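First comes the structure, then the notes that go with it.
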Amino acid sequence: MTNLLSTELNAANIARVLEILAESPTRLAAVTKAVSAETLSQPLGKEERTPTEVLAHVLNGEARSAEMIYQALLVQEPYFPDLHPDRDLGKLLRFDLLNFSELLAYFNVRRKVLLRVLSGLSEAQWARTIQEEGKKRKESVYWRARTLVMHELDHLGDLEQKLLKKK
């Protein structure tokens with residue numbers, strides 16, 4: 001995937017992050033609207049995830065990034081242990097056991113909350129940082145939100161491409 005979003009923290013890049021985060025639920029709903037529940041629970045290809053598993057994976061990553069963002073806004077440079085969104089958090093939360101429509105509704109609610117928080121931030125708040133175990137660099141709220149955007153764009157593009165082939 002091309003690097004569509006600069007790592008530079010500025011007003012234009014913040015606006016773009018917010019725009020993409022706001023579009024993701026609509027884009028996901030549009031690509032899956034006419035797809036049967038059966039298709040959503042079938043692998044997209046040989047040894048690939050199902051669309052439901054893809055959304056569970058996206059939610060695991062979103063949960064981890066949102067947690068870091070919220071903590072960065074509440075605590076001065078919080079420290080996060082090295083927990084993997086799927087291998088650790090995913091095994092605890094088990095989003096993969098829910099059906100696609102439940103996951104999509106949950107994704108929509110989580111996104112509204114995240115956007116409500118992010119939309120009111122000053123540039124100084126976007127620059128607040130977290131420290132993650134095993135990483136030398138500190139990551140800003142902007143960096144975490146940008147990472148979330150890039151991850152979602154990758155998976156949404158893949159879903160769009162593969163689900164359109166199935167039609």
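Odds and ends about this structure:
- Criterion violated by Ala72 - all others in (1) touching a Pro at 6+ places or on another chain (Cβ under 7 Å); (2) under 30 Å from Glu38 (Cα atoms); (3) modelled with pLDDT of 95 or more satisfied: (2)
- Qualifying residues in region 116-149 (those that are of a type in the set (A, V, I, L, M) and over 18 Å from Gly61 (Cα atoms)) - the one surrounded by the fewest Cβ atoms within 10 Å (Cβ to Cβ): Ala124
- Failed criterion for Ala34 (all others in (1) modelled with pLDDT of 95 or more; (2) over 23 Å from Arg146 (Cα atoms) hold): (1)
- Restricting region 57-92 to residues that are among the hydrophobic types (A, V, I, L, M, F, W, C), farther than 21 Å from Asn108 by Cα and touching a strand residue (DSSP E or B) at 6+ places or on another chain (Cβ under 7 Å), the residue that is surrounded by the fewest Cβ atoms within 10 Å (Cβ to Cβ) is Phe80.
- Condition met for Ala72 (touching a Lys or Arg at 6+ places or on another chain (Cβ under 9 Å), assigned to a helix (DSSP H, G or I), over 17 Å from Lys165 (Cα atoms) and touching a residue at least 60 places away in the same chain (Cβ under 8 Å)): yes
- Number of positions in region 1-40 that are among the hydroxyl-bearing types (Ser, Thr, Tyr), more than 19 Å from Gln161 (Cβ to Cβ) and either free of Cβ contacts under 8 Å to residues at least 60 places away in the same chain or not in a loop (DSSP other than H, G, I, E, B) (or both): 1
- Residue check, Leu121 hydrophobic (A, V, I, L, M, F, W, C) and within 24 Å of Asp154 (Cβ to Cβ): no
The values are calculated or read from the model by the stated rules, or taken from the named source; none is laboratory data. For clarity, every value in this text was computed on a predicted model and none was experimentally measured. Cβ coordinates were reconstructed from backbone atoms using ideal geometry, including for glycine residues, and neighbour counts include every protein chain displayed.
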